Amino acid sequence: MFGGDRQDRVAQRLGGASHGAMVGAACSLGRVTPEAVDLVVCLVTTPPDHANPIAEALVARELVACVNIVASVRSVYRWRGAVEHDEESLLVIKTTHAAVPALDDALAELHPYEVFELVAFNVAGGSADYLDWIGESVKRPG
């Protein structure tokens, strides 16, 4: 779609810094733990009839710990010069920073859109047991 290697583009869009550098910088602020910095919440919109199959595949492949499906959201966006309106489902995905490139690749395979939404937000903290569970549930790359 945009050319170049998908994983390089994902890393670049995540800030270009190495994950270790991000962990070190965040921890030096004294506000987050290394475990929380490794976790991300991702948002993906999809046609409603694709939400469950995509969620099931991502969990089965151990790319994510959990996917919440918000059944109906109304999206307004610009596409090819026109303002569009669609009823979609929103996937709220919990995974690790390291799994985002593989998640991107899986979505490229599973998602019906030519350009799909995948945005990742760092987790600053939360329930220690829940954060541990996310980390333990996601297969490590490689």
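The requirement of being of a type outside the set (Phe, Trp, Tyr), without any contact (Cβ under 8 Å) to a residue 40 or more places away in the chain and under 16 Å from residue 69 (Cβ atoms) is fulfilled somewhere in region 87-102, by at least one residue. You will find that of 36, 55, the residue that is small (Gly, Ala, Ser), modelled with pLDDT of 95 or more and either outside any strand (DSSP E or B) or within 12 Å of the chain's Cα centre (by Cα) (or both) is 55 and no other.
Can you spot a residue in region 76-94 that is in a loop (DSSP other than H, G, I, E, B) and among the polar types (S, T, N, Q)? Checked against the condition, which is being in a loop (DSSP other than H, G, I, E, B) and among the polar types (S, T, N, Q), region 76-94 yields no hits at all. Scanning region 103-129 for residues that are loosely packed, with under 12 Cβ neighbours inside 10 Å and touching a strand residue (DSSP E or B) at 6+ places or on another chain (Cβ under 6 Å) yields 119, 121.
Would you point out the residue of region 111-132, among those that are part of a helix (DSSP H, G or I) and touching a Ser or Thr at 6+ places or on another chain (Cβ under 9 Å), that is nearest to residue 51 (Cα to Cα)?
To start, the set of residues in region 111-132 that are part of a helix (DSSP H, G or I) comprises 128-132.
From the residues that got through so far, the ones that are touching a Ser or Thr at 6+ places or on another chain (Cβ under 9 Å) too are 128, 131.
Numbers: 128: 28, 131: 24 Å.
If we take residues in region 111-132 being part of a helix (DSSP H, G or I) and touching a Ser or Thr at 6+ places or on another chain (Cβ under 9 Å), then 131 is nearest to residue 51 (Cα to Cα).
Just one of (1) in contact with a Leu (Cβ under 8 Å, 6 or more places away or on another chain); (2) assigned to a strand (DSSP E or B); (3) crowded, with 20+ Cβ neighbours inside 10 Å fails for residue 68. It is (3).
The values are calculated or read from the model by the stated rules, or taken from the named source; none is laboratory data. This structure is a prediction, so every number in the text was calculated from the model and none was measured. For neighbour counting, all protein chains shown are included, and Cβ atoms are generated from backbone atoms with ideal geometry for every residue, glycine included.
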